[in-house]
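Novice: After the structure tokens below, expect a handful of questions from me.
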There are 2 protein chains.
Amino acid sequence: MSFDSILIIGAGLIGSSIARAAKSKAGVFTVWVADRSADVVETVERLGFADGVAEGPAHHFAAKADLVILCVPPAKIAEVAAGILPVMKPGAVLSDVGSTKSAMIKAIRPHLRDDVSVIPGHPIAGTEFSGPEAGFAELFENRWCILTPLDDAHPDVARLSAFWQALGSNVELMDPDRHDTVLATTSHVPHLIAYTLVGTAVDMETVTGDEVVKFSASGFRDFTRIAASDPVMWRDVFLSNREATLDVVERFIEDLTALKRAIRWSDGETLLDHFAKTRDIRRRIVESGQDEPNFGRDD
Amino acid sequence: MSFDSILIIGAGLIGSSIARAAKSKAGVFTVWVADRSADVVETVERLGFADGVAEGPAHHFAAKADLVILCVPPAKIAEVAAGILPVMKPGAVLSDVGSTKSAMIKAIRPHLRDDVSVIPGHPIAGTEFSGPEAGFAELFENRWCILTPLDDAHPDVARLSAFWQALGSNVELMDPDRHDTVLATTSHVPHLIAYTLVGTAVDMETVTGDEVVKFSASGFRDFTRIAASDPVMWRDVFLSNREATLDVVERFIEDLTALKRAIRWSDGETLLDHFAKTRDIRRRIVESGQDEPNFGRDD
Ligand SMILES: NC(=O)c1ccc[n+]([C@@H]2O[C@H](COP(=O)([O-])OP(=O)(O)OC[C@H]3O[C@@H](n4cnc5c(N)ncnc54)[C@H](OP(=O)(O)O)[C@@H]3O)[C@@H](O)[C@H]2O)c1
Ligand SMILES: NC(=O)c1ccc[n+]([C@@H]2O[C@H](COP(=O)([O-])OP(=O)(O)OC[C@H]3O[C@@H](n4cnc5c(N)ncnc54)[C@H](OP(=O)(O)O)[C@@H]3O)[C@@H](O)[C@H]2O)c1
């Protein structure tokens, strides 16, 4: 049932974490790693968690691997998938870890093969750091991993689910559009707003001097931590999840405009009504165990 | 130089923390506490950190205290100050801990006395909990306390500064309008935005079901923590810091609208430019030591 050999393409935070965990936790015998960057390849060789490392497309590994997981930035996934699919071995599985799903699935449809299962995925786990040195084998423990299979009933879905469960994750199958809407709400728009607010505060420094830094209270400090995530990755996320992101942002701006109006007209009741409705969701998050201390930022 | 006796009015998180720390850290001999709520009075009596507790205005304590600190909700501070000032003993100091300063100072001006120093203050310290049981003596350690004196040169300013330093705080004198602008940026607007976004997500649940809770990733989780703060206090904060809050909110909406447009038109460069400028401020916050783990939420 498990995969004897896997190829990780893109050995950053997520890729290197999977590579580190695959043997010890998921019964994989051979772990190959490929990255387009010579620096990353050198680092992976030095860290020693791979049985073979290649710079570039790594077709020779792709031709042998039972499972290929694309861990490159979201905007690159479809392109790398299109390049690797034709050389993969019959019966193998192709997956990915990208933070958005619908656009990528649409882009790879023309390249699908009957004898290779494509099962897109997204582990809801991460930190605000990137690169191969930031990874660690425990990253996925007790986190969710969402799979958005093209065919839920295919036996390889259970096989890939078992792989992620072996890494410690809870696996959920989801429709890709729904994934993108849920993640726009819980992750993408919060990041966009954090980036925006921190940018607004930077501009406010012409008014406030360095006092924004000096007296950065926790509301703001939390925002700066969220906004410290990799700008390139997030640009890609917003562009590849455009519709759902814009939809949620527009609802948010409407709501904020209503609260702004309530402040302007000293309408305390509207403010209180709104604030009170947010308490219940917090309680449910704490109850669901999703608020336990974790290793860092997830997305 | 220090205060022999102090009266804390409002024994919630902040008031009870000051009361707990005053004797052991600031050389105070007698700590009186007053609250309008019978429950709170009973709890304070049971917890035993006060030498005397009164329900209601506590004029008998106010007539004897060297320092009175108002720790009631922001919207109540001016009213309580107006009631207590006439009975205070000559030479005493009146301060407060309210999160906004200009509106309160304007409201108490007609009640000032020549022989009582009024020195408004705001400790940048707190947690998302409230009430007398949430307080603890270490709350103010290594946090800033901003004082916005009516007369910076008055010797009582140094005396009150020394009191807060004894509680472990760094004291900064500031103009009240500037305080309100800086705090609108670093605290009030971040809280408003967190409340708004969590509310938007609650409304999105008609679309996403309980998956917002289930997959609440860290961006969103951080927002729900911020939005778990006391709704009544925050309503008061926004209403009493209306101008600065609206000013920062409007800048924020402008910036978010620009980013929304960039996403709509796939203008990755604008996104990246914006995201990159937020990195530097994060670095400066970490360097300034403001990002050390703390006891909870500050505001
Ligand atoms: N970070 C998170 O919190 C998180 C959480 C869940 C999912 N994800 C998803 O995980 C994926 C990777 O994220 P990450 O944080 O691990 O990123 P990362 O640390 O930046 O690593 C990405 C790696 O992929 C390499 N790469 C880029 N294009 C490539 C190509 N065409 N062929 C081979 N390698 C290539 C990059 O090299 P260069 O540096 O030379 O570009 C880099 O080494 C993304 O799709 C992201 O959406 C991230
Ligand atoms: N929480 C923070 O993070 C934080 C940080 C810095 C500054 N502050 C400021 O500190 C002040 C207190 O906040 P907190 O968090 O300590 O609030 P809290 O825990 O809710 O405590 C406020 C207490 O004041 C009592 N009270 C209300 N009106 C009163 C009156 N007229 N006379 C006597 N007592 C009265 C309240 O009783 P009832 O329950 O009956 O109303 C309550 O016991 C606020 O001005 C706030 O802006 C708060």
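Novice: Please give the length that would be gained between B:Arg109 and B:Val207 if that part of the chain were fully extended, namely 0.36 nm times their separation in residues minus their C-alpha to C-alpha distance (nm, one decimal).
Specialist: That works out to 30.1 nm of additional length.
Novice: Another question, if that's okay. Whose Cβ in chain B comes nearest the axis that rotates B onto A, and by how many Å?
Specialist: B:Asp222, 2
Novice: In nm, to one decimal, how far is the modelled label at B:Glu138 from the one at B:Ala276, with both set 7 Å along Cα→Cβ?
Specialist: Rounded to a tenth, the inter-label distance reads 4.2 nm.
Novice: Moving on. Once amide H atoms are built 1.01 Å from N in the peptide plane, which residues 5 or more positions from A:Glu172, or in another chain, come under 5 Å H to H?
Specialist: A:Cys145, A:Ile146, A:Leu147
Novice: Still on this structure: Gap in Å between the Cα centre of region A:36-71 and the Cα centre of region B:19-68?
Specialist: Cα centroid to Cα centroid, the span is 67 Å.
Novice: Ok, one more. Given Cα pairs under 8 Å that are at least 6 residues apart, what percent is the relative contact order of chain B?
Specialist: Normalised by residue count, the contact order of chain B is 18 percent.
Novice: Please list, ordered by chain and number, the residues whose modelled amide H lies under 5 Å from the amide H of A:Asp96; skip anything fewer than 5 residues away on the same chain.
Specialist: A:Leu70, A:Gly121
Novice: Output wanted: per-residue J couplings in Hz (rounded whole) for region B:34-51, from phi through Karplus 6.51 cos²θ - 1.76 cosθ + 1.60, θ = phi - 60°, x for Gly and Pro.
Specialist: 10, 8, 7, 9, 4, 4, 5, 4, 4, 4, 4, 4, 5, 6, x, 8, 10, 7
Novice: GNM, chain A, Cα, under 10 Å: largest mean-square fluctuation among A:Ala54, A:Ala166, A:Ala38?
Specialist: Maximum among the listed residues: A:Ala38.
Novice: Quick check of the Kirkwood formula: for chain A, what is the inverse mean of 1/r over all pairs of different Cα atoms, in Å?
Specialist: When all Cα pairs of chain A are included, the Kirkwood radius is 20.7 Å.
Novice: Karplus couplings for region B:82-93 from phi (6.51 cos²θ - 1.76 cosθ + 1.60, θ = phi - 60°), rounded to Hz, Gly and Pro as x?
Specialist: 4, x, 8, 3, x, 9, 5, 7, x, x, 7, 10
Novice: Still on this structure, please answer the following. Using alpha carbons only, how many degrees (0 to 90, rounded to 10) separate the axis of helix B:231-240 from the longest principal axis of chain B?
Specialist: Orientation of helix B:231-240: about 90 degrees from the principal axis.
Novice: What distance in nm lies between label points placed 7 Å from Cα along the C-beta direction at B:Glu42 and A:Ser266?
Specialist: For B:Glu42 paired with A:Ser266, the spin-label model returns 3.6 nm.
Novice: Please express the shape of region A:1-41 as an equivalent ellipsoid: the semi-axes are the square roots of 5 times the eigenvalues of the C-alpha gyration tensor, given largest first in whole angstrom.
Specialist: 20, 10, 7
Novice: Something else: List the relative contact order of region A:178-287 as a percent without decimals, with contacts defined as Cα pairs under 8 Å and 6+ residues apart.
Specialist: Reported as a whole number, the value is 33 percent.
Novice: Right, something else. Nothing charged except the Cβ atoms of Lys and Arg (+1) and of Asp and Glu (-1): what's the magnitude of the dipole of region A:178-287 about its Cα centre? Round to the nearest 20 debye.
Specialist: Value, rounded to 20: 280 debye.
Novice: Rounding to the nearest 10 and keeping the result within 0 to 90°, find how far the Cα-based axis of helix B:268-277 lies from the longest principal axis of chain B.
Specialist: 20
Novice: State, to one decimal in nm and shortest first, how far the label point of A:Ser288 sits from each corresponding label point in the other identical copies (label point: 7 angstrom along Cα-to-Cβ).
Specialist: 3.4
Novice: To continue, here is another question. Using only alpha-carbon positions, what ratio does the radius of gyration of the protein assembly as shown give when scaled by 2.2 N^0.38 Å?
Specialist: Relative to the rule-of-thumb radius for its length, the protein assembly as shown sits at 1.10.
Novice: Right, here's the next one. With 27 Å as the limit, write out which pairs from A:Lys214/A:Lys277; A:Lys214/B:Lys101; A:Lys106/B:Lys277; A:Lys76/B:Lys277; A:Lys214/B:Lys260 have Cα-Cα distances beyond it, or answer none.
Specialist: A:Lys214/A:Lys277; A:Lys106/B:Lys277; A:Lys214/B:Lys260
Novice: Continuing with the same structure: For A:Ala54, list long-range residues whose amide hydrogen, built 1.01 Å from N in the peptide plane, is under 5 Å from its own amide hydrogen.
Specialist: A:Val33, A:Ala34, A:Asp35
Novice: Calculate log10 I(q)/I(0) of region B:5-174 for q = 0.17 Å⁻¹, where I(q) comes from the Debye formula with a single equal point scatterer on each Cα and nothing for solvent.
Specialist: Debye output, listed in q order: -0.98.
Novice: Mind checking the alpha-carbon convex hull of region B:48-118 and giving the volume per residue in Å³?
Specialist: For region B:48-118, the hull spanned by Cα atoms encloses 91 Å³ per residue.
Novice: If you don't mind, there's one more thing I want to ask. Put a dot 7 Å past each Cα toward the Cβ at A:Asp175 and B:Asp175; how far apart are the dots in nm?
Specialist: 5.7
Novice: Then there's this: Would you be so kind as to identify which of B:Met88, B:Val68, B:Met174 lies farthest towards the positive end of the dipole of chain B, taking Lys and Arg as +1 and Asp and Glu as -1 on Cβ and the Cα centre as origin?
Specialist: Final value for the positive-end residue is B:Met174.
Novice: Follow-up question, since we're still on this one. Taking DSSP loops as anything outside H, G, I, E and B, show the longest stretch in chain B free of GluC sites (Glu not before Pro) there with at most 16 other beta carbons within 10 Å.
Specialist: The reported range is B:142-299.
Novice: Using the Karplus curve 6.51 cos²θ - 1.76 cosθ + 1.60 with θ = phi - 60°, what ³J(HN,Hα) values do you get for each residue of region A:242-252, in whole Hz, with x for Gly and Pro?
Specialist: Calculated HN-Hα couplings, in order: 4, 4, 5, 4, 4, 4, 5, 4, 5, 4, 4 Hz.
Novice: Sticking with this structure for a sec: Under 10 °C and 1.306 mPa s, how fast does region A:178-287 diffuse according to Stokes-Einstein, given a Kirkwood radius computed over C-alpha pairs? Answer in µm²/s, whole number.
Specialist: Diffusion coefficient, whole number: 100 µm²/s.
Readers should treat all values here as calculations from the given coordinates under stated rules, not as data from a laboratory. Since this is a predicted model, take the numbers as computed values, not measurements. When we count neighbours, we look across all protein chains shown, and the Cβ atoms used for this are built from the backbone with ideal geometry, even at glycine.
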